[in-house]
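Step one of this worksheet: look at the structure below.
Every read-out reported here was derived from the displayed coordinates using simple, explicitly stated rules and does not represent laboratory data. Bear in mind that the values here come from a model prediction, so they are computed numbers and not experimental data. Cβ: placed from backbone, ideal geometry, glycine included. Neighbour counts: every protein chain shown.
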Amino acid sequence: MKYNTIILVDDNPTTIFYHKDVVSEFEPNADIVSFDNPYKFIDEFKQTFSKSTEPILLLLDINMPEIRGFELIELLEENEEDMSKLDILIVTSSKLNSDLEKASRYPNIIGFIEKPIDIDKLNKALSGLN
Amino acid sequence: MELFTLYNEKPTITKSFDFGIIHYFPANNIFRFEFTINTELNNEDAFTVFNFCNSNSILPKYKLITIMKTKLTPTKDIYDFYNAEFRNNHILKETFVLVSATLKVAGNFYLRVKKPKIPTKIFNNEPAAFNWINSEFL
């Protein structure tokens, strides 16, 4: 599947800088939007992304100091945001079983990807090979 | 749980493969396939199951329950095989019973990204899968 919009949420600006490069090489025609503040993403999601008619890919850092990736998803759910177009890849530094177990409870999560991401990992994750 | 109790009929056909076992419940128009070993989910095995169902089904279209409780590793093309038109032409409804977290995430991927063209649902237990596949609800 091609995504016209790819969103990166990660509290580390250096990681965002690097990942943005990889993602733009992976999907040169996509709009790539990034947030180093997860709450800004939530606001923007309410205002813009939830109204999208096209699928959106979110690369979501799982371990952020202000809010965990899973908590961010729960906030969107609690606010009854329309997440029907949102496919989420969890970005993590290590694949813990407890995280995997938790991820399986969220239907929007389609895969895991380990930091630092590269094109091979993106290809693999977006082929359903976790 | 005994299969008879859940399906309310005895399977008329049971066939074992080296990777799993298949039962046919004609009154329910259901094939039930269960993986019995840790293996990869590949097109070859999926085709073997599909071919067996087609050859043994009384009706041109049937329902399929696939039980995945062992450790299964999806291969690259398996999602496209499951969603292939030639397969969809024979399957009315399909459900997967998934236990492991890895497979549940893979199931999310299949439903959201590959968007199966026949009614497809994922459950974590067989009675729920049976109830859904046997209902009129899509």
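Sorted from largest to smallest, which semi-axis lengths in Å does the alpha carbon gyration tensor of chain A give for its equivalent ellipsoid, taking the root of 5 times each eigenvalue?
Largest first, chain A gives 19, 18, 15 Å.
Scan the stretch A:15-76 for GluC sites (Glu not before Pro) in coil per DSSP, keeping those whose Cβ has at most 15 other Cβ atoms within 10 Å, and list them by number.
Counting only loop positions with at most 15 other Cβ atoms within 10 Å, the GluC sites (Glu not before Pro) in the stretch A:15-76 are A:GLU66.
Sort out the exposed loop GluC sites (Glu not before Pro) in chain B (DSSP loop, at most 10 other Cβ within 10 Å) and tell me the longest stretch that has none. Write down the numbers at each step before the final one.
Details: sites that count: B:GLU2, B:GLU136.
With GluC sites (Glu not before Pro) excluded where exposed in loops, chain B gives B:3-135 as its longest stretch.
Give the order of B:LYS10, A:LYS85 when sorted by the count of other beta carbons within 10 angstrom, beginning with the fewest.
Least to most surrounded, the residues fall as B:LYS10, A:LYS85.
With N denoting the number of residues in the stretch A:65-130, provide Rg(C-alpha) divided by 2.2 N^0.38 Å, to two decimal places.
Rounded to two decimals, the normalised Rg is 1.14.
Regarding the stretch B:20-96, what are the three Cα extents along the principal axes, ordered largest first, in Å?
Principal-axis extents of the stretch B:20-96 (Cα, largest first): 32, 25, 18 Å.
Mean separation of Cα pairs under 8 Å and 6+ residues apart, divided by the residue count of chain B: what relative contact order is that in percent?
Value for chain B: 20 percent.
Using Cα springs under 10 Å in a Gaussian network model of chain A, which residue among A:ILE90, A:ILE110, A:ILE119 shows the largest mean-square fluctuation?
Between A:ILE90, A:ILE110, A:ILE119, it is A:ILE119 that shows the largest mean-square fluctuation.
Tell me what the protein assembly as shown gives for mean residue ellipticity at 222 nm when only DSSP H runs of n ≥ 4 count, each as -39,500 (n - 2.57), the sum divided by the residue total, rounded to 500 deg cm²/dmol.
Helices in the protein assembly as shown give a 222 nm mean residue ellipticity of -9500 deg cm²/dmol.
Take the Cα radius of gyration of the protein assembly as shown and divide it by 2.2 N^0.38 Å, with N its residue count; two decimals is plenty.
Compactness ratio reported: 1.10.
With springs only between Cα atoms under 10 Å apart, run a GNM on chain A and tell me which of A:ASP11, A:ASP87, A:ASP120 wobbles the most.
The residue with the greatest mean-square fluctuation here is A:ASP120.
What list of ³J(HN,Hα) values in whole Hz, one per residue of the stretch A:69-74 in order, does the Karplus curve 6.51 cos²θ - 1.76 cosθ + 1.60 (θ = phi - 60°) give from phi, with Gly and Pro shown as x?
Once rounded to whole Hz, the list reads x, 5, 5, 4, 4, 4.
With springs only between Cα atoms under 10 Å, which of A:PHE112, A:PHE26, A:PHE49 fluctuates most in a Gaussian network model of chain A?
For chain A, modelled as a Gaussian network with Cα springs under 10 Å, the answer is A:PHE26.
Can you list residues from other chains, or at least 5 along the same chain, whose modelled amide H is less than 5 Å from the amide H of A:ASN63?
Under 5 Å from the amide H of A:ASN63: A:GLY69.
Holding the Cα-Cα limit at 30 Å, pick out from B:LYS15/B:LYS117; A:LYS95/B:LYS76; A:LYS124/B:LYS15; A:LYS102/B:LYS121 the pairs that are longer than that.
Flagged as over cut-off: A:LYS124/B:LYS15.
What translational D, rounded to a whole number of µm²/s, comes out for chain B from Stokes-Einstein when the hydrodynamic radius is the Kirkwood one over Cα pairs, at 37 °C and 0.692 mPa s?
219 µm²/s
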